[in-house]
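Undergrad: Starting off with a structure, shown below.
The values are calculated or read from the model by the stated rules, or taken from the named source; none is laboratory data. Everything quoted here is computed from the prediction, not taken from an experiment. Counting neighbours? That spans all protein chains shown, and the Cβs are built from the backbone with ideal geometry, glycine included. For accessibility, only protein heavy atoms count, side chains too; no ligands or nucleic acids. Shrake-Rupley method; radii C 1.70, N 1.55, O 1.52, S 1.80 Å.
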Amino acid sequence: MLPVLASGSASALRSPDAKLAEAVGLTNAIALDVVHAEIVKLRAPNVSRLLGTGQIARLAGVVAALCVEVVIIDGPVTPVQQRNLEKELKAKVIDRTGLILEIFGERASTSEGTLQVELAHLHYQASRLVRSWTHLERQRGGFGFLGGPGESQIETDRRLIRDRIARLRKELEDVRRTRGLHRTNRQKAPWPVVALVGYTNAGKSTLFNRLTGAEVRAEDLLFATLDPTMRAIKLPGHDKLVLSDTVGFVSDLPTQLVAAFRATLEEVLEADLIVHVRDISHPDSDAQAQDVMKVLTELGLAPEGRETPMLTVFNKIDAMDAEQREALQARTGGDAIPVSALTGEGLDELRAAMDIALRVGARVHRFVLPAADGKRLAWLHSHGDVVSEAYDDDGVTIEVRLSDKDRARFAAMELA
């Protein structure tokens, strides 16, 4: 059972039908069997029950007839509304935030991902400790014979959650510190980092596998990949770079998840190049792109004034006919790179565009190296555009155009 609120926070670019289809996809992502889905139009949400009396009565009949166990509402539901709806519908009620948290909880495989999901879950649960169960109405006795009523069960639950949240934050801070050290070591290494970002199910993992030859899980499923993956690849002008596949974004991403996964998404902040992968065959591609940019803005990567270059990739062109492709090219003016991660079409153009983007802002630098220093000389040839090169008694004098980050990497090689 999946009611969708027509008055929800969906983007104006999205139709209610598209939002409903996405909600069904999210539900399928945790192997729930969707037996009924519909759009429930509301003039104004009921404060205590969200839905109107007639709507609840009708939906209760549907729930009973179809033996529904879980009702998912694609929108925010307060703890009081959730409790009252569960009593009226006689089924478990989950809102959009709870559904996404369930998906992430099932998909997290690394210790870091598990910690981040648990932290987000606890923040969510802390706001939902309402007196829905009888054990929350009991009170424990105090110390001694005249100890008074003592601590109520709900207060105990809240205290336990607060303590667990504090411990998780400490553990995640250790993870963040370790990740920062790894990131610092990568920055010292002479390899640029390229991060793939995009809406969930845009084909990032399929593109990642195509470019790296890896076997990251890639399915026609929302949030098929959760934990970030990194692999080394080669480009025409780079002998090696690190490609990072990050978690996919989604509209109305819970704030708990944005905060909890900040340590993971910080990899995007430190990237030399961001590749925004869009499913251009999807009818809501523009709205999905807006959602991605919103999350990047929350992370400090606002489109205006950002230092990290960004490429836009239009993926899944294999699902478009010739007329649609022509219209796409006319609309974009050639700024985006059309590719098919499934067939490999357009990947050579993407590699060339990535190479050019990594050289944005490059300046000419002059170095004098020993003639026997073949390693650093070869690195300059593979990472920069050599303007001139001359050999004399002092060694090799080479002028090469490098980006600021590549210049810093070369300086780290000199100190190593």
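Undergrad: State the number of residues belonging to the range 310-358 that are touching a residue at least 60 places away in the same chain (Cβ under 8 Å), in contact with a Gly (Cβ under 7 Å, 6 or more places away or on another chain) and not small (G, A, S).
TA: Number of matching residues: 4.
Undergrad: Ok, one more. In this structure, does N201 turn out to be within 30 Å of A287 (Cβ to Cβ) and at pLDDT 60 or above?
TA: So N201 fits the description; yes.
Undergrad: If you go through the range 376-399 one residue at a time, do you hit one that is touching a residue at least 24 places away in the same chain (Cβ under 8 Å), in contact with a helix residue (DSSP H, G or I) (Cβ under 8 Å, 6 or more places away or on another chain), basic (K, R) and open to solvent by 20 Å² or more (accessible area, probe 1.4 Å)?
TA: yes
Undergrad: Follow-up. In the range 62-80, what count of residues is obtained for those that are of a type in the set (G, A, S) and surrounded by fewer than 20 Cβ atoms within 10 Å (Cβ to Cβ)?
TA: Selection size over the range 62-80: 2.
Undergrad: For the subset of the range 353-376 comprising residues that are small (G, A, S) and in contact with a Leu (Cβ under 8 Å, 6 or more places away or on another chain), which member is nearest to V193 (Cα to Cα)?
TA: So, considering only residues that are small (G, A, S) and in contact with a Leu (Cβ under 8 Å, 6 or more places away or on another chain), the one nearest to V193 (Cα to Cα) is A357.
Undergrad: Also, quick follow-up: Is it the case that the range 363-382 has a residue that's part of a loop (DSSP other than H, G, I, E, B) and in contact with an Asp or Glu (Cβ under 8 Å, 6 or more places away or on another chain)?
TA: No, every residue in the range 363-382 fails to be part of a loop (DSSP other than H, G, I, E, B) and in contact with an Asp or Glu (Cβ under 8 Å, 6 or more places away or on another chain).
Undergrad: Follow-up. Within the range 72-87, how many residues are of a type in the set (S, T, N, Q) and under 22 Å from S251 (Cα atoms)?
TA: Of all residues in the range 72-87, those of a type in the set (S, T, N, Q) come to 78, 81-82, 84.
Applying the additional criterion that residues be under 22 Å from S251 (Cα atoms) yields 78, 82.
So the answer is 2.
Undergrad: While we're here: Among (1) assigned to a loop (DSSP other than H, G, I, E, B); (2) surrounded by fewer than 16 Cβ atoms within 10 Å (Cβ to Cβ); (3) within 30 Å of the chain's Cα centre (by Cα); (4) of a type outside the set (V, I, T), where does L32 come up short?
TA: (2)
Undergrad: Checking the structure you have, find out if any residue of the range 251-258 is buried (at least 21 other Cβ atoms within 10 Å of the Cβ), at pLDDT 80 or above, over 23 Å from A21 (Cα atoms) and under 14 Å from the mean Cα position of the chain (by Cα).
TA: no
Undergrad: Also, I was wondering about something else. If you scan the range 77-91, which residues turn out to be in contact (Cβ under 8 Å) with a residue 40 or more places away in the chain and within 19 Å of A23 (Cα to Cα)?
TA: Q82, A91
Undergrad: Also: For the range 92-103, does any single residue satisfy the condition of being surrounded by fewer than 17 Cβ atoms within 10 Å (Cβ to Cβ), more than 17 Å from the chain's Cα centre (by Cα) and without any contact (Cβ under 8 Å) to a residue 60 or more places away in the chain?
TA: Yes, there is a match, as at least one residue in the range 92-103 is surrounded by fewer than 17 Cβ atoms within 10 Å (Cβ to Cβ), more than 17 Å from the chain's Cα centre (by Cα) and without any contact (Cβ under 8 Å) to a residue 60 or more places away in the chain.
Undergrad: Kindly establish whether D239 is open to solvent by 50 Å² or more (accessible area, probe 1.4 Å), in a strand (DSSP E or B), modelled with pLDDT under 85 and more than 22 Å from Q116 (Cα to Cα).
TA: yes
Undergrad: Here are the criteria: (1) within 23 Å of A64 (Cβ to Cβ); (2) surrounded by 19 or more Cβ atoms within 10 Å (Cβ to Cβ). Tell me which single one E88 does not satisfy.
TA: Condition (2) is where E88 drops out.
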